[in-house]
1. Please verify whether Arg152 is among the basic types (Lys, Arg), touching a residue at least 12 places away in the same chain (Cβ under 8 Å) and surrounded by 14 or more Cβ atoms within 10 Å (Cβ to Cβ), treating the condition exactly as stated.
2. Of the residues that make up region 230-245, is at least one hydroxyl-bearing (Ser, Thr, Tyr), without any contact (Cβ under 8 Å) to a residue 60 or more places away in the chain and outside any loop (DSSP other than H, G, I, E, B)?
3. Restricting region 131-189 to residues that are assigned to a loop (DSSP other than H, G, I, E, B) and of a type in the set (D, E, K, R), which is nearest to Leu414 (Cα to Cα)?
4. I need the full set of residues from region 262-289 which are among the acidic types (Asp, Glu) and either closer than 19 Å to Val323 by Cβ or touching a Cys at 6+ places or on another chain (Cβ under 8 Å) (or both), in order please.
5. Before we move on, is Ala310 more than 21 Å from Arg233 (Cα to Cα) and among the hydrophobic types (A, V, I, L, M, F, W, C)?
6. Suppose we keep only residues that are of a type in the set (Lys, Arg), touching a residue at least 12 places away in the same chain (Cβ under 8 Å) and assigned to a helix (DSSP H, G or I) within region 368-408. Which one would you say is farthest from Ala424 (Cα to Cα)?
7. Can you run down the residue pairs with Cβ atoms below 7 Å, 6 or more apart or on separate chains, where the first is in region 18-38 and not assigned by TED's automatic domain parsing to the domain that holds Ala231 and the partner is modelled with pLDDT under 75 and of a type outside the set (A, V, I, L, M, F, W, C)?
8. So which residues in region 506-523 are surrounded by 18 or more Cβ atoms within 10 Å (Cβ to Cβ) and either under 27 Å from the mean Cα position of the chain (by Cα) or of a type outside the set (Gly, Ala, Ser) (or both)?
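The values are calculated or read from the model by the stated rules, or taken from the named source; none is laboratory data. Note that the structure is a prediction, hence the values are computed from the model and not measured. Note: ideal-geometry Cβ built from the backbone for every residue, glycine included; neighbour counts use all protein chains shown.
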Amino acid sequence: MDDELESLVADFVLAREANPELGIEDHLAAHPARAAELRAALTALCEVEAALPEPPTRLAAIGPYRLGQELGRGASGVVYAVEHGGQQLALKWLSGALLAGPHAHARFARECSVLARLEHPGIVRIVDHGEFGGFPYLLMERVDGDMLGAVRLDTETALRVMHDLALAVGAAHDAGVVHRDLKPANVMLRSDGRPVVLDFGLSSCATEASLTGSGAVLGTPRYMAPEQARAERADARSDVFALGVLLYELLTGSPARRAADREGLLREAAAGLRLRLPKVDGWPPDLDRIVAHATALRPAWRYATASELAADLGRFRNGLPVVARPPGAILRAVDRFRRQRVTVVSLLLGVALVVFAVAHRSGGGPAEPSRVRAARLYRDGRFAEAVTAFREALVEAPDDPVSWGGLARAHLRLAQHQAGLEAADRALALGDGRDESLRNLRAVLLDLLGRGDEAQAVLVALCEEHPRDERYLFNLAHSFDASGRVRQAHDRYVELLGLAPDHRLGKASLAWLCATATDEFADLRDHDRATRLCMELLAAGAGADPAVLQTIVDLARIVGRNDEFGAALARAAEDSSLSDLQRRRLVDQARAIRAR
């Protein structure tokens, strides 16, 4: 059995778990070129499964792990609660698909190693994997909380959850992993309200063979992208589509697709109906653009990765213009021509209209230089387009350090940290290596990539050269904080506030440290000081910043002074300079804190 045939068999088992009514003939119809071989393999698999004993309803242990209650089971395995080494874990004992061929176990081990590298608080953590009784098992973090689909969220909370969720999926995309089955049942909300992505069972990786690599129709039809429904290749933009559908449903409380059965949902998915927020509900135009851009019919029209979607959601939450620009009427018309297979004359007419529109918009004047256009796009907050423009500029002038530096900054704004670091290194190498702004940028990117020691070495040097520059001092304090060097972080935050008493992020960060310091740093814990710093932030208008506001709300939960924080949030909402959205956020948070 070759790798492709093994993958087709594995696809059948996993698809059958999502749809128990799926028959062999249904699967064969999607793969006519290999129907005869696939029929024989699936028939043999069913015979093997019938001969194997069912997994016991109760096991004492699997390998070194003592089992607790059964958490669930399906065609691909059983999930048990496990307590091991003081940790609450979940163990999934797999079957079915992994019996499909001689290379399947090696493929499983490779995929586990890929998933284990996805270290992000929004992605379920893989602890171990192995085999027991001839069946592979996967040990992972156990997440306690509510499934995303089981809770009703207000608009602001929904936007925060989707922003965090997109960041987590974006981290997987940065590692070359595509989930391919994002849906409410695969997202859990932790007790603190933060989302975590579960079950990468259908994931694929750009650099490793996948358990499910054949291109069969896998996933959940209610959330899958049009290309998945048409059994075409799924990539990061397919996950973006699913996130867009989730965003729509969380905001509206209504399903995006309404067919009653799987076949109807697949037809609806393949058709790629436009998804827009109901105008009658008065949704902000930028939020509608984000939904439409994420769920565009063609992958090329969507955000390239979930990180880009997260960046746009962040811009919207901060009251900034968004990058999203769904395809206009002309592009949609041309695509409709293509899908309907109209005459060449009609297609050429559509292309001519596009050319005319572009020429009309530009006024027929000289083309704007790529580097100038890239800088303009960056200033306008259109970072994905800026990346493209900077790369075009580098084709014209590959050794231009300014374009490399601009590219690094645009990648940073899109949370594409590794690509940003590579561009920053290139910019420094082409310059004299002493550009302070680029060195600071490089340190920030190193820190975001978890290379704190390297980041701190750069920032210490910058602080020594510029002892009164609050940017470098804050970044150094934050880097110390992120890497667990709490005492050094505390001292740098204090130094920063002595230099710049109104530094908003420095004050919020010190408040968090004072509220949460534990263990050998318990002497730094000071809830009175944390509360005082939060009150100062709210009095100075920092509650208008969603990131700072969320920190203050979280701190209220930690220090347990709900009445005091609720009153301060309500007072902050009376500021006449706030927008309606900012005022509503403060009022909602004040009400929520007082209700605890």
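1. Numbers: among the basic types (Lys, Arg): yes; touching a residue at least 12 places away in the same chain (Cβ under 8 Å): yes; surrounded by 14 or more Cβ atoms within 10 Å (Cβ to Cβ): no.
Taking the combined requirement at face value, the residue does not satisfy it.
2. Initial filter on region 230-245 (hydroxyl-bearing (Ser, Thr, Tyr)): 238.
Next, from what is left, pick out any that are without any contact (Cβ under 8 Å) to a residue 60 or more places away in the chain: none.
Looking through region 230-245, none of the residues is hydroxyl-bearing (Ser, Thr, Tyr), without any contact (Cβ under 8 Å) to a residue 60 or more places away in the chain and outside any loop (DSSP other than H, G, I, E, B).
3. Quick first cut of region 131-189, residues assigned to a loop (DSSP other than H, G, I, E, B) only: 133-134, 142-144, 151-154, 175-176, 179-183.
Next cut, of a type in the set (D, E, K, R) only: 142, 144, 152, 154, 180-181, 183.
Working: Arg142: 30, Asp144: 30, Arg152: 29, Asp154: 26, Arg180: 21, Asp181: 23, Lys183: 24 Å.
Per the stated criteria, the residue is Arg180.
4. Within region 262-289, the first condition is being among the acidic types (Asp, Glu), and the residues that meet it are 263, 268, 281, 286, 288.
Asp286, Asp288, listed by residue number.
5. Details: more than 21 Å from Arg233 (Cα to Cα): yes; among the hydrophobic types (A, V, I, L, M, F, W, C): yes.
Spelling it out, Ala310 is indeed more than 21 Å from Arg233 (Cα to Cα) and among the hydrophobic types (A, V, I, L, M, F, W, C).
6. If we filter region 368-408 for residues that are of a type in the set (Lys, Arg), which is where we start, we get 371, 373, 376, 379, 382, 391.
Restricting the remaining residues to those that are touching a residue at least 12 places away in the same chain (Cβ under 8 Å) gives 371, 373, 382, 391.
Cutting the leftovers down to assigned to a helix (DSSP H, G or I) gives us 371, 373, 391.
Details: Arg371: 16, Arg373: 20, Arg391: 14 Å.
Only one residue tops the list, namely Arg373.
7. As it stands, the answer is Ala18/Thr220; Asn19/Arg262; Leu22/Arg16; Leu38/His31, since those pairs meet every condition given.
8. Let us first name the residues in region 506-523 that are surrounded by 18 or more Cβ atoms within 10 Å (Cβ to Cβ), namely 506-515, 517.
Hits for region 506-523 are Gly506, Lys507, Ala508, Ser509, Leu510, Trp512, Leu513, Cys514.
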